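Asker: Let me begin by handing over the structure; questions about it come next.
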Amino acid sequence: MVKWNGGTSFPIQSGHPCIGCTEKHFFDRMTPFYSTLPTVPGVGVEATANEIGAVALGAALLGVCAHAAGSAIGLRRERMKEDAVVSLPVLGDGGDKKPEDGGDKKPK
């Protein structure tokens, strides 16, 4: 028997199911081995594998964009909350800053 793929292996040695290559009239009766499915049953009325892949890719991109927008909005809200904190030295606020940072200096 002659191995396929430049003498590397038989199809079944690489994990492929048997295609009957030792049968009489193999090339005349058993080809083509593969063909594109015209439709994918159970998904849509008449959806092809390419259409399903395009829809899945579009959904993935939409999800990535939605996550990026949500993260940006969340970060902006956190920054706005930090900026909204106002210290009022008259009411005793602002004592948390160290003197070298420009905070309240205690008299000696």
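Asker: In nm, to one decimal, how far is the modelled label at E23 from the one at A60, with both set 7 Å along Cα→Cβ?
Answerer: 3.7 nm
Asker: Now, a different point. What nm value, rounded to one decimal, do you get for the distance between E51 and M80 when each label is placed 7 Å out toward the C-beta?
Answerer: Placing both labels 7 Å beyond Cα along the Cβ direction yields 4.3 nm.
Readers should treat all values here as calculations from the given coordinates under stated rules, not as data from a laboratory. Since the structure is predicted, the reported quantities are computational estimates derived from the model, not experimental observations. Note that we place each Cβ from the backbone using ideal geometry, even for glycine, and neighbour counts take in every protein chain shown.
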